[in-house]
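Below: the structure, in structure tokens.
The values are calculated or read from the model by the stated rules, or taken from the named source; none is laboratory data. Owing to the predicted nature of the structure, the values given are computational and were not obtained by experimental measurement. Positions of Cβ are generated from backbone atoms using ideal geometry, with glycine treated the same way; all protein chains shown enter the neighbour counts.
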Amino acid sequence: MPSSTNPWKTNSILEVYDNPWINVTHREVTNPSGNPGIYGVVHFKNLAIGILPLDENYNTYLVGQYRYTLNQYSWEIPEGGGLLGTDPLLSAQRELLEETGITATKWTKILDLHTSNSVTDEAGLAYVAQGLSFGEAEPEDTEDLKVRILPFSEVVEMVMNNEITDALAMTTILKAQLMIDRGLL
């Protein structure tokens, strides 16, 4: 096993940007080889949460929206942010209801991940939601969402064909497929 001792030394931290969602710092460091260097760190103030709703026929519900940062449309699982220190399940239940109008009686946490650990500390997790009931979506005013109902097998193919490129959605979908194949879902 590799050493868990931190070989990096932080010499200084300068806050470059801060808003309610992220904090960006510039750091002067000594790297593992003992040489000076720099590091930019993006700290996220929320936990990334994804939900894969599966009905009794293994259909799922994707959410489509135009992603400003990518300048393109994106199909994803229902996703959102949960305040750090808040029960992630409550945040997942809120996001699923907001984006799709769906509530669920069974929740299975299937995933923990770091979204891009070379530049950010953003952590995420995902649930599979089952025992679904349907109502009206309650999107935030920044969301213009479309919902598609598809067989889960088609959604896996969308990942394989690069039609779904969101990291949290991809990892959740593929891990759920492995769990289904192994009889765990």
Any idea which of GLY81, GLY131 is in contact with a Ser or Thr (Cβ under 9 Å, 6 or more places away or on another chain), modelled with pLDDT under 95 and under 30 Å from GLY183 (Cα atoms)? GLY81
Looking at segment 101-116, which of its residues are closer than 17 Å to ALA176 by Cβ and either touching a residue at least 40 places away in the same chain (Cβ under 8 Å) or not in a strand (DSSP E or B) (or both)? ILE102, ALA104, THR108, ILE110, LEU111, LEU113
So which residues in segment 35-70 are of a type outside the set (Ser, Thr, Tyr), at pLDDT 95 or above and part of a loop (DSSP other than H, G, I, E, B)? ASN35, LYS45, ASP55, GLU56, ASN57
Name the one entry in LEU62, LEU83, LEU89 that is of a type in the set (A, V, I, L, M, F, W, C), in the same structural domain as ALA137 (by TED's automatic domain parsing) and more than 19 Å from THR172 (Cβ to Cβ). LEU83
